[in-house]
Amino acid sequence: MAEVKVHGIFAGPFNKRVELALKLKGVEYVYIEEDRSNKSVELVKYNPIYKQVPVLVHNGKPICESLIILEYIDETWESAAPLLPNDPYQRSMARFCANLIDDKLMGAMYKVCYGKGEEKEKGLDEVFEVLKYLDNELQDKKFFGGDNIGFLDIVASYIALWFGAIQEAIGMELLTKQKFTKLSKWIDEFLCCGIVMEHLPTRESLVPLYIAQFEAAKASS
């Protein structure tokens, strides 16, 4: 049997993507909790450039970066629960939207949380721009992947869970049902899935972590 290990951190959105994909595929794995302030020798060995989680280790071979890992999982265990669409255009759009979340949305939320004045306002504009695009991308589908959770749904788990926790921690409502009807409906569908409920952290566990993080940043500024 193949040996699969996942290096991650508690409630980390990137390693939770990897774990969720493995669970959907029915792949057994060993989870290794990392300490950000005291990274293991194995983590530094497997990811010497970034020294960050997640790292998937499959039969001794490390794969880094969550989006790359998701594609690796989909190709390696291709017979079970396909993550990416078969259609080349739909597959390219899923990748585009995934990059949009990781690059633009997360960057914009950083500006909202830590920026001031014009920088914060620019961040808000960018957040709404990405959310509107994704809301339209859903069309009338249950999930981004259609009837089943797919690649983009896993990546967008950041929006379904972590984004909401950040909103609550900073006392702002950005993603509302009034503004983003389809995206809000998708969040409800996604978070109610048994496998998601079982393997993702709760919003209640995330909010205090973000509050402490933001207060620490404010105290040091």
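The values are calculated or read from the model by the stated rules, or taken from the named source; none is laboratory data. Everything numeric in this text was worked out from a predicted model, so none of it was measured. Positions of Cβ are generated from backbone atoms using ideal geometry, with glycine treated the same way; all protein chains shown enter the neighbour counts. Keep in mind that these areas ignore ligands, DNA and RNA; they rest on the heavy atoms of the full protein, side chains included. Shrake-Rupley method; radii C 1.70, N 1.55, O 1.52, S 1.80 Å.
Observations
- Close pairs from region 187-211: first closer than 17 Å to Val18 by Cα, partner open to solvent by 40 Å² or more (accessible area, probe 1.4 Å) and modelled with pLDDT of 95 or more, Cβ under 6 Å, at least 6 apart: Ile195/Lys23; His199/Lys23
- Residue in region 126-143 that is buried (at least 17 other Cβ atoms within 10 Å of the Cβ), under 14 Å from the mean Cα position of the chain (by Cα) and either of a type in the set (A, V, I, L, M) or at pLDDT below 95 (or both) present: no
- Tallying residues that are more than 23 Å from Asp153 (Cα to Cα) and among the polar types (S, T, N, Q) within region 97-141 yields 0.
- Tally of residues being free of Cβ contacts under 8 Å to residues at least 60 places away in the same chain and either in contact with a Lys or Arg (Cβ under 9 Å, 6 or more places away or on another chain) or among the hydroxyl-bearing types (Ser, Thr, Tyr) (or both) across region 94-120: 6
- Within region 170-187, the residues that satisfy the criterion of being farther than 19 Å from Leu206 by Cβ and open to solvent by 50 Å² or more (accessible area, probe 1.4 Å) are Lys177, Gln178, Lys179, Thr181, Lys182, Lys185.
- The strands (runs of 3 or more DSSP E) found wholly in region 1-93 and carrying at least 1 residues that are surrounded by fewer than 20 Cβ atoms within 10 Å (Cβ to Cβ) and without any contact (Cβ under 8 Å) to a residue 24 or more places away in the chain occupy 61-64.
- Given (1) part of a helix (DSSP H, G or I); (2) open to solvent by 60 Å² or more (accessible area, probe 1.4 Å), index of the condition Gly107 fails: (2)
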